[in-house]
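The values are calculated or read from the model by the stated rules, or taken from the named source; none is laboratory data. Everything quoted here is computed from the prediction, not taken from an experiment. Quick reminder, even Gly has a Cβ in these numbers, built from the backbone with ideal geometry, and neighbours come from all protein chains shown.
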Amino acid sequence: MDTLNKTRVEAASAEAISAAADLLRRGEVVAFPTETVYGLGANATDEMAVGKIFAAKGRPSNNPLIVHVADIEQAKRLVKYWPEDAETLARALWPGPVTFVLPKAECVPAITTAGGETVGIRMPAHPVALQLIEACGFPLAAPSANRSNYISPTMAQHVLRSLGGRIPMVLDGGPCEGGIESTVLDLSGDECRILRPGLFSANFLSALLGKKVADAGNRRDNDIPLLSPGQLLTHYSPTTPLLLGHIDRILTEWETISGPDLPKKIALMIFEDTIVPEKMSSSAVIERMPRNNEHYAQKLFATLHHLDSQNLKAIFCEAPPADAEWSGINDRLSRAGKLL
Ligand code: TXA
Ligand code: MG
């Protein structure tokens with residue numbers, strides 16, 4: 001019990017990885033870095049251990065977990081069958097930020113898949129994650145290491161802020177490179193379907209497979225312009241209201257909120273080359289965001305965490321283009337906030 005009251009944060013040395021593997025073998029949970037975001041891991045085949053993930057996050061039991069593996073053979077043992085499409089994509093993209101949803105094998109307990117017949121699997125492209133899974137010898141179920149509905153963590157401190165005192169250990173591997181979570185691809189039916197957009201777009205995956213991959217765009221809860229956040233199935237929100245729109249729309253809204261003497265209580269997340277109107281530039285906390293989508297993704301969650309810790313009244317965010325390569329980012333932003 002004692003270990004649960006205090007959370008150890010340790011730089012991911014070989015000793016720390018071995019200590020983390022010991023905890024995991026004893027049925028504990030440990031947060032670890034991946035190339036996308038930090039995950040909260042437990043033995044995917046141990047019901048009690050997986051139960052601790054749901055408890056620590058306050059995650060609803062109907063939301064399935066992604067199982068992380070260290071190689072393709074380990075993935076094959078978790079599924080009823082391994083289709084050719086999975087083989088093609090795994091050979092091209094693993095280790096990397098894409099998760100396959102496939103019919104689960106008996107060894108995967110119901111709690112891991114939220115009672116469903118399919119399991120999400122991926123091989124993360126991070127040496128610490130891979131070494132940890134190898135040291136354990138079993139696959140790790142790992143959702144993002146944050147309290148349910150909060151922004152995903154891209155640094156060990158983010159994990160600590162969200163789950164400190166609720167988990168025994170965080171392996172600190174520095175900031176995550178990818179920034180947004182993996183693309184979730186359903187390979188269990190006749191049609192390949194993206195369930196959650198990420199950095200790999202439907203077009204890119206279609207080209208690799210030589211067949212159509214359906215986009216997540218038709219999902220109601222991914223639509224931009226946005227439905228009200230209450231209608232979203234899930235949202236990953238900062239505590240500070242996030243308002244998303246084009247710069248002219250932001251300016252209009254800004255004028256209704258901000259008085260002439262408003263202290264620096266409003267943030268502006270804006271592209272690096274957008275010209276900020278004078279009245280905003282003198283009173284806002286300004287965060288410049290990259291025009292390149294991959295760089296933007298890398299910076300997105302860290303920026304939201306940083307702004308959210310400053311007691312601001314609102315975060316205004318310049319909406320990215322509606323292009324396919326921005327769909328993962330637009331998905332996360334639309335879940336985090338509200339369209340102006
Ligand atoms: O990049 C990532 O995917 C990170 C790192 C830690 O690997 N993980 C992550 O996990 O984002 P989580 O639990 O925060 O999000 C997993 C998403 C959820 O939207 C969940 O509903 C979906 O994947 N998912 C998992 N298993 C599924 C399944 N069998 N069928 C459909 N969706 C599934
Ligand atoms: Mg998550």
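So how many residues does region 136-164 have that are part of a helix (DSSP H, G or I), within 13 Å of ligand 2 (Cβ to nearest atom) and not β-branched (V, I, T)? Reasoning before the result, please.
Pass one, region 136-164, residues part of a helix (DSSP H, G or I): 136, 156-163.
Narrowing the set further to residues that are within 13 Å of ligand 2 (Cβ to nearest atom) leaves 158-159, 162-163.
If we keep only those that are not β-branched (V, I, T) too, we end up with 158, 162-163.
Number of matching residues: 3.
Please work out which residue is farthest from E35 (Cα to Cα), limiting yourself to region 125-136 and to residues that are small (G, A, S) and surrounded by fewer than 20 Cβ atoms within 10 Å (Cβ to Cβ). Show your work before the answer.
Initially, region 125-136 is screened for residues small (G, A, S), giving 125, 129, 135.
From what's left, surrounded by fewer than 20 Cβ atoms within 10 Å (Cβ to Cβ): 125, 135.
Details: A125: 6, A135: 19 Å.
So the residue we want is A135.
So which residues in region 296-340 are more than 21 Å from R196 (Cβ to Cβ) and either assigned to a helix (DSSP H, G or I) or hydroxyl-bearing (S, T, Y) (or both)? So that I can check it myself, show each step before the final result.
Step one: of region 296-340, the residues more than 21 Å from R196 (Cβ to Cβ) are 306-316, 318, 340.
The answer is H306, L307, D308, S309.
Among I121, I111, which is the only one that is among the β-branched types (V, I, T), modelled with pLDDT of 95 or more and away from ligand 1 (no atom under 11 Å from the Cβ)?
After ruling out the rest, the residue left standing is I111.
Quick check on my filter: what residues within region 59-87 are more than 13 Å from ligand 1 (Cβ to nearest atom) and either within 30 Å of G174 (Cβ to Cβ) or within 22 Å of the chain's Cα centre (by Cα) (or both)? Working first, answer last.
First, the residues of region 59-87 that are more than 13 Å from ligand 1 (Cβ to nearest atom): 70-77, 81-87.
Result: A70, D71, I72, E73, Q74, A75, A86.
Of everything in region 16-66, what is farther than 17 Å from S162 by Cα, among the aliphatic types (A, V, I, L, M) and surrounded by fewer than 19 Cβ atoms within 10 Å (Cβ to Cβ)? Give them in sequence order.
Residues of region 16-66 farther than 17 Å from S162 by Cα: 16-28, 34-36, 42-51, 61-66.
Next, only the ones that are among the aliphatic types (A, V, I, L, M) stay: 16-17, 19-21, 23-24, 42, 44, 48-50, 65-66.
A19, M48 - these are the residues of region 16-66 that are farther than 17 Å from S162 by Cα, among the aliphatic types (A, V, I, L, M) and surrounded by fewer than 19 Cβ atoms within 10 Å (Cβ to Cβ).
Please go through region 186-197 and give me each residue that is away from ligand 2 (no atom under 16 Å from the Cβ) and within 21 Å of S61 (Cα to Cα), ordered by number.
D186
May I ask you to list the residues in region 96-107 that are touching a residue at least 40 places away in the same chain (Cβ under 8 Å) and out of contact with any Ser or Thr (no Cβ under 7 Å at 6 or more places or on another chain)?
Residues of region 96-107 that are touching a residue at least 40 places away in the same chain (Cβ under 8 Å), as a first pass: 96-103, 107.
Within region 96-107, G96, F100 meet the criteria.
Yes or no: region 171-182 includes at least one residue that is away from ligand 2 (no atom under 16 Å from the Cβ), of a type in the set (G, A, S), touching a Pro at 6+ places or on another chain (Cβ under 9 Å) and more than 30 Å from E87 (Cα to Cα). Break it down stepwise before answering.
In the first step, residues of region 171-182 are kept if they are away from ligand 2 (no atom under 16 Å from the Cβ); the result is 171-175, 177.
Subsequent filtering for residues that are of a type in the set (G, A, S) retains 173-174.
Add one more test, that the residue is touching a Pro at 6+ places or on another chain (Cβ under 9 Å), and what stays is 173-174.
From what is left, the residues that are more than 30 Å from E87 (Cα to Cα) are 174.
Checking region 171-182: at least one residue is away from ligand 2 (no atom under 16 Å from the Cβ), of a type in the set (G, A, S), touching a Pro at 6+ places or on another chain (Cβ under 9 Å) and more than 30 Å from E87 (Cα to Cα).
Answer with yes or no whether I167 is in a loop (DSSP other than H, G, I, E, B), over 26 Å from V213 (Cβ atoms), within 16 Å of ligand 2 (Cβ to nearest atom) and aliphatic (A, V, I, L, M).
Numbers: in a loop (DSSP other than H, G, I, E, B): yes; over 26 Å from V213 (Cβ atoms): yes; within 16 Å of ligand 2 (Cβ to nearest atom): yes; aliphatic (A, V, I, L, M): yes.
So I167 fits the description; yes.
Can you say whether N222 is surrounded by 11 or more Cβ atoms within 10 Å (Cβ to Cβ), in contact with a Pro (Cβ under 8 Å, 6 or more places away or on another chain) and at pLDDT below 75, as far as the supplied structure shows?
Details: surrounded by 11 or more Cβ atoms within 10 Å (Cβ to Cβ): yes; in contact with a Pro (Cβ under 8 Å, 6 or more places away or on another chain): yes; at pLDDT below 75: yes.
Judged against the criteria, N222 is a match.
Out of the residues in region 137-155 meeting the condition of being among the hydrophobic types (A, V, I, L, M, F, W, C) and buried (at least 24 other Cβ atoms within 10 Å of the Cβ), tell me which one is farthest from D71 (Cα to Cα). Outline the logic, then answer.
Residues of region 137-155 among the hydrophobic types (A, V, I, L, M, F, W, C): 138, 140-142, 145, 151, 155.
Now restrict to residues that are buried (at least 24 other Cβ atoms within 10 Å of the Cβ): 140-142, 145, 151.
Numbers: L140: 12, A141: 15, A142: 16, A145: 22, I151: 29 Å.
Top of the filtered list is I151.
Mind telling me which of the residues S182, S188, S144, S148 ends up being more than 18 Å from the chain's Cα centre (by Cα) and near ligand 1 (Cβ under 10 Å from one of its atoms)? Outline the logic, then answer.
Working: S182 fails: more than 18 Å from the chain's Cα centre (by Cα); S144 fails: more than 18 Å from the chain's Cα centre (by Cα); S148 fails: more than 18 Å from the chain's Cα centre (by Cα).
Criteria check complete, one pass: S188.
Restricting attention to region 102-124, and to residues there that are closer than 16 Å to E73 by Cα and among the aliphatic types (A, V, I, L, M), which single residue is surrounded by the fewest Cβ atoms within 10 Å (Cβ to Cβ)?
A105
Among the residues of region 324-335, is any without any contact (Cβ under 8 Å) to a residue 60 or more places away in the chain and either over 23 Å from D215 (Cβ atoms) or over 28 Å from the mean Cα position of the chain (by Cα) (or both)? Full working, then the answer.
In the first step, residues of region 324-335 are kept if they are without any contact (Cβ under 8 Å) to a residue 60 or more places away in the chain; the result is 326.
After this cut, where a residue has to be either over 23 Å from D215 (Cβ atoms) or over 28 Å from the mean Cα position of the chain (by Cα) (or both) as well, the list is none.
Looking for residues that are without any contact (Cβ under 8 Å) to a residue 60 or more places away in the chain and either over 23 Å from D215 (Cβ atoms) or over 28 Å from the mean Cα position of the chain (by Cα) (or both), one finds none in region 324-335, hence no.
Can you tell me which residue in region 240-295 is modelled with the highest pLDDT, limited to those that are β-branched (V, I, T), surrounded by 17 or more Cβ atoms within 10 Å (Cβ to Cβ) and not in a helix (DSSP H, G or I)?
Step one: filter region 240-295 for residues β-branched (V, I, T), giving 240, 247, 250, 252, 256-257, 266, 270, 274-276, 285-286.
Right, trim to surrounded by 17 or more Cβ atoms within 10 Å (Cβ to Cβ) and you get 240, 247, 250, 266, 270, 276.
Now narrow it down to the ones that are not in a helix (DSSP H, G or I): 240, 266, 270, 276.
Details: T240: 93, I266: 90, I270: 96, V276: 89.
Looking at residues that are β-branched (V, I, T), surrounded by 17 or more Cβ atoms within 10 Å (Cβ to Cβ) and not in a helix (DSSP H, G or I), I get I270.
In the list G39, G58, which residue meets the criterion of being within 13 Å of ligand 2 (Cβ to nearest atom), under 22 Å from E10 (Cα atoms), of a type outside the set (V, I, T) and in contact (Cβ under 8 Å) with a residue 40 or more places away in the chain? Spell out how you get there, then give the answer.
Details: G58 fails: under 22 Å from E10 (Cα atoms).
Exactly one of G39, G58 is within 13 Å of ligand 2 (Cβ to nearest atom), under 22 Å from E10 (Cα atoms), of a type outside the set (V, I, T) and in contact (Cβ under 8 Å) with a residue 40 or more places away in the chain, namely G39.
Could we say that L171 is more than 14 Å from ligand 1 (Cβ to nearest atom) and touching a residue at least 40 places away in the same chain (Cβ under 8 Å) here?
Numbers: more than 14 Å from ligand 1 (Cβ to nearest atom): no; touching a residue at least 40 places away in the same chain (Cβ under 8 Å): yes.
Considered against the rule, which asks whether it is more than 14 Å from ligand 1 (Cβ to nearest atom) and touching a residue at least 40 places away in the same chain (Cβ under 8 Å), L171 comes out as no.
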